[in-house]
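The values are calculated or read from the model by the stated rules, or taken from the named source; none is laboratory data. Please read all numbers here as calculations on a predicted model, not as lab measurements. Because the Cβ atoms are built from the backbone with ideal geometry, glycine has one as well, and the counts that use them run over all protein chains shown. Heads up: the accessible areas ignore ligands, DNA and RNA and are worked out on the full protein's heavy atoms, side chains in. Shrake-Rupley method; radii C 1.70, N 1.55, O 1.52, S 1.80 Å.
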Amino acid sequence: MFTVSQTSRAWFIDRARQAREERLEQKERERSAVIIQAIVRGFLCRRRLHRDLRRETDEFFNTDDSGSSKRSALCIFKIARKLLFIYKTKEDNERLEKLCRSILSSMDAENEPKVWYVSLALSKDLTLLWIKQIKNILWYCCELLEQLKPEILQDSRLITLHLTMLVTFTDTSTWKILRGKVFTVSLRWLVFTISLRWLVFTISLRWLVFTVSLCCPVVAAQFSDNLMRPFVIHIMSVPALMTHLSTVAPERLSVLESHDMLRKFIVFLRDSDRCRDACESLEGCRTLCLMGNILHLGSLNPKVLEEETDGFVSLLTQMLCYCQKYVSQKKSNLTHWHPVLGWFSQSVDYGLNESMYLITKQLQFLWGVPLIRIFFSDILSKKLLEHPEPAPAQPSSPQNVLPVKMPGLLKRAFQKSASVRNILRPVGGRRVDSTEVQKVCSICVLYQTSLATLTQIRLQILTGLTYLDDLLPKLWAFICELGPHGGLKLFLECLNNDTGESKQLLAMLMLFCDCSRHLITILDDIEVYEEQISFKLEELVTISSFLNSFVFKMIWDGIVENAKGETLELFQSVHGWLMVLYERDCRRRFAPEDHWLRKDLKPWVLFQELDKDRRRAQLILQHIPHVVPHKNRVLLFRNMVTKEKEKLGLVETSSASPHVTHITIRRSRMLETPGFADAVLLTVEILSWKDGYEQLRQLSQHAMKGVIRVKFVNDLGVDEAGIDQDGVFKEFLEEIIKRVFDPALNLFKTTSGDERLYPSPTSYIHENYLQLFEFVGKMLGKAVYEGIVVDVPFASFFLSQMLGHHHSIFYSSVDELPSLDSEFYKNLTSIKLRLTASSIHMTRDLCRKVGPVALRGLSRREDLHLYPYKLQCFLSVPQRYDGDIADLGLTLSYDEDVMGQLVCHELVPGGKTIPVTNENKISYIHLMAHFRMHTQIKNQTAALISGFRSIIKPEWIRMFSTPELQRLISGDNAEIDLEDLKKHTVYYGGFHGSHRVIIWLWDILASDFTPDERAMFLKFVTSCSRPPLLGFAYLKPPFSIRCVEVSDDQDTGDTLGSVLRGFFTIRKREPGGRLPTSSTCFNLLKLPNYSKKSVLREKLRYAISMNTGFELS
């Protein structure tokens, strides 16, 4: 218990605490009361002050209305300061009206300088204060103009008043104080200080017409440089000013035209110092605004542009060059995102974003048809010599690869192109320093600079430049005429000259390449091969020859090795155009045989350069491997594989043997599929039998590249005869690949028509299907790594993905559609519809989601065209569809039948609710093509490519085109060359080339066997049904035939007696009951010494038709 003293002490402390809190609360109440009183007193004081000022203002204006003598300008100035100090829109509108009337009244006084309100501007003490005051007054006038309605009588009177104020203080002709006096520079600057740019920028669109009055001082000063500069910087840089003027009051633009303002701007800004000064004052964002307004004004004055083309091109180029200095290729801490320029290292005014659409519309005048016709008038005015054109050629099948029909196609193409336009060969003869050439070069520099600067609308620029079908052919003709000899030599000389003239010529070549590449990219095969839009096929042959030589020289002469800046951009431009043509030719031939080869490049020289690690040789293989013959590239590929094997220790040497991986496989269970629903079950038998999939899947990358020995076990559990020296493994590899690629397994599917393989979209129903695809990729890579050809015909679009072409900026899924479904592609290109200008912008964002080439499928005719999707695979449209695609009821989705169930795939989020219209049909086409060939099989393709690249390095196969990669995998489709096989056959056991059994054998193969039987014979001996890619000279071990007397289990090898008996056809006994056998590991045919040709034919045919490995005897 507490004592009495403790209780008293606690009570005392608590009492003290309460007293302290009461004192603090009292102080807080007193402080709050003081603050409240101060606020109230301040409010009342301000109310009293505002009331007194308003009363004083009212008394001033009432006295003025009574008709007494006019007030002095100083009195008006003082009362205006008071009014502006307390001005509130709703309460003081009438007072502002009276103030404006007083000011205007003072300006109308005759011979009374002290009354004129503007006279205060000449006072040194009041100038700055007066400027600030008149700005505020005019600002309030503009705000009221936004609210007033002309249809109301009272408002119309106020509109007249406020307009008069604006015009009076922006047009010096109304200032009586200036009559008879020199218009000094200070007063000119005063006018522009009043006419601030921000005043015009924020005014309502309805009243933007008043900005026309801002040019009055410039006109009055006879376009003095001192006034032109602020006019250009502060007025002409207003975002989309000309667009607003043309929309609100187009008749007022005649004021600018009547004073020839465009010509004055050109004369003023064509000077590099003035243009640089204006750009530096505005920085990049506002410079685009200025450029847009000047372009808009130029589009309204074509006659001036025709007369001032050089100056106009010069000032635009200077503006773009200024902006280009700050355009960056990637994001950094110093860059900001700009919707037109991309990453920009200057500060960005995000307030302009709302106006950027209108600014972009103005910039589009630069690549619009009217300006292009004016700029390139010298080129477009020339006529290309043409002969009468024969009847149109019949359209050919748009297949991916047409090796058989190629002669007919080329014949038709050259017949149709009897319009030989005399631009097939560089002719030369035009001086590069002539005025015409310099003009064209400067224009090309302008457009090339715009492509490098306006990065986010680059596609728009290229599409505009390719709109006219005859521009690019005529530009090519112009290029061919340059220099004493024309063509290649001139531009190669320019590479070594760092002069302005050389840079301009190279810029012209770059522009031609960029535009032509874009054009060919957006055209489909029918437009390129049948209609031959813009370029004839023989012109493409000539252009590709020029590009091929130019790129080769740039690399071989060492120009590319250390290329930077403009030289590197030139190479990328020319090389990009070249590769687009080459890939188009690979897909469907237009060039003659061996067109792409460089005959002056000896393969052995290139190989020597590669052995010495010369950079130029490596660049040749990296950029233009097609200049090397295919056979030599295959040899190089095999050499690369051999070198890697030596590096990894996978080649047997005198001092070491490579590690060997042994696997035992039950032939019937290499790839076991007990049930479709159970997916793929691959039995693992660790001790007795280790089946293929599980054993090989677990091998390391190094072991997969090494030696693998296979032992087969038959269904009875007995080891099959034969020692694997790669032969049995080759047989195993072929068999397992054959089973995996069987469409019935549903891992792979065949295309319609040519039945080529690609990953099945529904393969996901298998368990661990991605692991299985990776395993397939490894097996395929192992086959290519070991030089084993396998009969697996892949679809072209899938091979393109294996090569990585789908990552290219110029790749389009639509171009690869024929390799998936030719009917699909045919219908796609047969129902074109007209395109409105707005639909380009509406579809571009969606197209970007599909790939880098968003405008693929556009054609530049009288109008741009779009390629609508062919609807569905089952829909057949025999003729062009001319209706509204919206009537077909399509959506941005794809319906697929999966095991009897209809599954809807949305091409975009919410796609099944988005109808397909004429505006978004381009998106639909690309989204559908991309979905069918990429999205649906993305995971399967990635897994297979991952497995393939674990064995084959990507850079090794980039030397090959899509058809060449197919040949590398599957060998040539040509029939077996028996003469080549006979030439490279080795004989043992007494056989020789003139032996009668050997003569019978070759005669049977040539005359009695069908091509399929010859393929079966080759597989029987070598385990591969296709001949080696480079011929039988490269078959290792060489193809061999040995004379045998006894069965395999009694065979002890060749002896002197057996060789002699075989040579002289001496038999121990008649071998008619025995069958030929083989050792695939040695590519060896064991052939009994038959006495009759008929017996040999019968036994050989029976042996090759039975699939029992080494078991025959």
| message | Whether any residue in the range 97-109 is assigned to a helix (DSSP H, G or I) and open to solvent by 60 Å² or more (accessible area, probe 1.4 Å) is what I want to check. | response | yes
| Of all the residues that make up the range 622-654, how many are touching a Pro at 6+ places or on another chain (Cβ under 9 Å), free of Cβ contacts under 8 Å to residues at least 60 places away in the same chain and assigned to a helix (DSSP H, G or I)? | 2
| said: Pairs please, first residue from the range 992-1003 and among the basic types (Lys, Arg), second anywhere and part of a helix (DSSP H, G or I), Cβ atoms under 9 Å, 6+ apart in sequence or on different chains. | reply: Arg996/Lys1093
| Residues (in a loop (DSSP other than H, G, I, E, B) and modelled with pLDDT of 85 or more) located in the range 1090-1109 | Tyr1090, Lys1092
| message | As an exercise: evaluate Gly971 against (1) surrounded by 17 or more Cβ atoms within 10 Å (Cβ to Cβ); (2) under 28 Å from Lys738 (Cα atoms); (3) in contact with a Phe, Trp or Tyr (Cβ under 9 Å, 6 or more places away or on another chain) and give the number of the one condition it does not meet. | response | (3)
| In the range 115-147, how many are exposed (fewer than 15 other Cβ atoms within 10 Å of the Cβ), under 12 Å from Ala80 (Cβ atoms) and at pLDDT below 85? | 0
| task | Would you please name the residue that is surrounded by the fewest Cβ atoms within 10 Å (Cβ to Cβ), looking only at residues in the range 891-916 that are at pLDDT 80 or above and in a loop (DSSP other than H, G, I, E, B)? | result | Pro909
| field | Residues satisfying the stated conditions in the range 520-548, i.e. small (Gly, Ala, Ser) and modelled with pLDDT of 90 or more | value | Ser544, Ser545
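If a residue has to be aliphatic (A, V, I, L, M), over 21 Å from Glu734 (Cβ atoms) and not in a loop (DSSP other than H, G, I, E, B) to count, how many in the range 953-989 make the cut?
Count: 2.
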| How many of the residues making up the range 781-817 are in contact (Cβ under 8 Å) with a residue 60 or more places away in the chain, in contact with a strand residue (DSSP E or B) (Cβ under 7 Å, 6 or more places away or on another chain) and among the aliphatic types (A, V, I, L, M)? | 1
| message | Would you confirm, using the coordinates I've provided, whether Leu606 is of a type in the set (A, V, I, L, M) and over 18 Å from Met640 (Cα atoms)? | response | no
| request: Looking at (1) closer than 17 Å to Thr455 by Cα; (2) at pLDDT below 85; (3) in contact with a Lys or Arg (Cβ under 8 Å, 6 or more places away or on another chain), find the lone condition where Tyr322 falls short. | output: (2)
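Listed here are the residues, each with its yes/no results for (1) under 26 Å from the mean Cα position of the chain (by Cα); (2) farther than 20 Å from His930 by Cα; (3) assigned to a helix (DSSP H, G or I).
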| site | (1), (2), (3) |
| --- | --- |
| Ala744 | no, yes, yes |
| Leu780 | no, yes, yes |
| Ser800 | yes, no, yes |
| Tyr811 | yes, no, no |
| Glu816 | yes, no, yes |
| Verdict on Ile559 being at pLDDT below 90, touching a strand residue (DSSP E or B) at 6+ places or on another chain (Cβ under 9 Å) and not in a helix (DSSP H, G or I) | no
| said: Take Lys730 and tell me if it is among the basic types (Lys, Arg) and surrounded by fewer than 20 Cβ atoms within 10 Å (Cβ to Cβ). | reply: no
| request: Could you tell me which residue of the range 751-778 is nearest to Asp895 (Cα to Cα), considering only residues that are open to solvent by 50 Å² or more (accessible area, probe 1.4 Å) and outside any helix (DSSP H, G or I)? | output: Ser752
| field | Residue under evaluation Glu308, criteria (1) open to solvent by 20 Å² or more (accessible area, probe 1.4 Å); (2) without any contact (Cβ under 8 Å) to a residue 24 or more places away in the chain, criterion not met | value | (2)
| What number of residues within the range 559-571 are open to solvent by 20 Å² or more (accessible area, probe 1.4 Å) and in contact with a helix residue (DSSP H, G or I) (Cβ under 6 Å, 6 or more places away or on another chain)? | 2
| task | Evaluate the following for Tyr924: is it closer than 25 Å to Ser796 by Cα, open to solvent by less than 30 Å² (accessible area, probe 1.4 Å), in a helix (DSSP H, G or I) and at pLDDT below 80? | result | yes
